Amino acid sequence: MKPATPWWDKWPERLEYETRSLEALGIASERDEESYRAGVLKLRLEVPQDDGSLDLVVVYPDSFPYFRCEIFAPSLDLAHHQNPFEKNLCLMGRRSHYWDTGMSAADLIRDRLPLVLRAGRAVDLEEVVGLEQQQAEPLGNYYSCIPESMVIVQSDWTIPRQHTYGRFIIGTQTQTDRRPQVCLRGAVLEVRDADNKVLIQANEALKLAYAGKSIEGCWVRVSEPYRERNHVEIIKNFTNLYPFAAQARPNHVENNGSSAWLQVWGVVFPEETGWREMGEGWLFVSALYDKRPSARLVKVPRRKAKRRSQK
């Protein structure tokens, strides 16, 4: 199959417009040659600021200019309007109608970057009124997920603050006489405290929808969200905080036709659940073993962190 012609070869005048627009703002740009040879246009920028310059990276999609470019700020760590892991900035609303084919990276930097920097650093609600869309920005959206996996947690749940760890039950749609799949798809039906006392239960609709084979895990509460996606380091962190978590029950599961064992943990952490309003989010992490492990972590897990879905 003949490779698609890059957009800059189809419309060389558009590439010239992009670079000249940046130059007009006094922004120096340098093309990433390795990415260019691989068929991706990436520009490294130095954007003048009052206190020096800000390094940005612009990545243009194959479908440019029909779809927006992404702008990354590797040196920034904004509390809002920036992916904490990939470092790309949220310069406009997510819906496609916010982007116009006549827009350029220079337009976004000139018109939107100052607003994003101001709103991303603001802590006073009054400072951001009119600067941003009034919606939650949950950090959990940025965690990596195991493909096709999902764990539903009722969004109206609140675990009393005095409880910091315990156990939970995940219901699946797997028949009760079969092992559940290693690709975890289900809903949390029950949360228990450290003494195995039930704290909260799912509504009847969720219980009915996920009435199949159940999976047991341990949950813990942390005071700050994990700003990393290394699942091994995440597990080490919360098992050091709560040795109880190392006792998560190994669940017998099906892994591509073979028998395997799965440990599952739920991490409850502070997260935006409304516009600039904090609530609780859930992060689920799992570890997969070929043989049944002991009640303690005995080797490095092979699974990644996966985020929760809410209902």
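The values are calculated or read from the model by the stated rules, or taken from the named source; none is laboratory data. Every value quoted in this text rests on a predicted model; they were computed, and no experiment measured them. Backbone-built Cβ (ideal geometry, glycine too); neighbour counts: all protein chains shown.
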Give all pairs with beta carbons closer than 8 Å in which a residue from region 26-37 that is in contact (Cβ under 8 Å) with a residue 60 or more places away in the chain meets a residue that is surrounded by 13 or more Cβ atoms within 10 Å (Cβ to Cβ) and assigned to a helix (DSSP H, G or I); count only pairs at least 6 apart in sequence or on separate chains. Ile27/Ala106; Ile27/Ile109
Would you mention how many residues in region 6-53 are part of a loop (DSSP other than H, G, I, E, B), surrounded by fewer than 13 Cβ atoms within 10 Å (Cβ to Cβ) and either outside the structural domain of Ser75 (by TED's automatic domain parsing) or of a type in the set (D, E, K, R) (or both)? 2
Would you pick out the residues in region 87-139 that are in contact with a Phe, Trp or Tyr (Cβ under 8 Å, 6 or more places away or on another chain) and hydroxyl-bearing (Ser, Thr, Tyr)? Ser96, Thr101, Ser104
Take region 217-237 and flag every residue that is of a type outside the set (Lys, Arg) and over 13 Å from Ser286 (Cα atoms). Val220, Val222, Ser223, Glu224, Pro225, Tyr226, Glu228, Asn237
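Considering only region 194-216, state which residues are within 19 Å of Leu262 (Cα to Cα) and either assigned to a helix (DSSP H, G or I) or touching a Lys or Arg at 6+ places or on another chain (Cβ under 7 Å) (or both). Write out each step before concluding.
Going residue by residue through region 194-216, those that are within 19 Å of Leu262 (Cα to Cα) are 210, 212-216.
Across region 194-216, the qualifying residues are Lys213, Glu216.
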If you go through Ile170, Ile235, Ile200, the only one that is in contact (Cβ under 8 Å) with a residue 40 or more places away in the chain, under 28 Å from Lys291 (Cβ atoms) and more than 19 Å from the chain's Cα centre (by Cα) is Ile170
Entirely in region 85-131, the helices (runs of 4 or more DSSP H) that have 2 or more residues that are surrounded by 14 or more Cβ atoms within 10 Å (Cβ to Cβ): 105-111, 113-121
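When the residues of region 159-193 are narrowed to those that are in a strand (DSSP E or B) and basic (Lys, Arg), which ends up farthest from Ile146 (Cα to Cα)? Steps first, please.
First, the residues of region 159-193 that are in a strand (DSSP E or B): 165-172, 181, 185-192.
Still in the running and basic (Lys, Arg): 167, 185, 192.
Numbers: Arg167: 22, Arg185: 10, Arg192: 25 Å.
Going through the qualifying residues, I end up with Arg192.
For region 99-128: of the residues being among the β-branched types (Val, Ile, Thr) and closer than 12 Å to Ala79 by Cα, which is modelled with the lowest pLDDT? Walk me through it before giving the result.
Filtering region 99-128 for residues among the β-branched types (Val, Ile, Thr) gives 101, 109, 116, 123, 128.
With the extra rule that they be closer than 12 Å to Ala79 by Cα, the set shrinks to 116, 123.
On the way: Val116: 96, Val123: 85.
Looking at the filtered set, the residue picked out is Val123.
From the set of residues in region 210-245 that are among the aliphatic types (A, V, I, L, M) and surrounded by fewer than 19 Cβ atoms within 10 Å (Cβ to Cβ), which is farthest from Val151 (Cα to Cα)?
Of all residues in region 210-245, those among the aliphatic types (A, V, I, L, M) come to 211, 215, 220, 222, 232, 234-235, 241, 245.
Remaining after also requiring surrounded by fewer than 19 Cβ atoms within 10 Å (Cβ to Cβ): 211, 222, 232, 241.
Values: Ala211: 14, Val222: 19, Val232: 20, Leu241: 24 Å.
Restricting to residues being among the aliphatic types (A, V, I, L, M) and surrounded by fewer than 19 Cβ atoms within 10 Å (Cβ to Cβ), the top hit is Leu241.
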Kindly establish whether Asp107 is within 25 Å of Pro61 (Cβ to Cβ), assigned by TED's automatic domain parsing to the domain that holds Tyr66 and over 23 Å from the mean Cα position of the chain (by Cα). yes
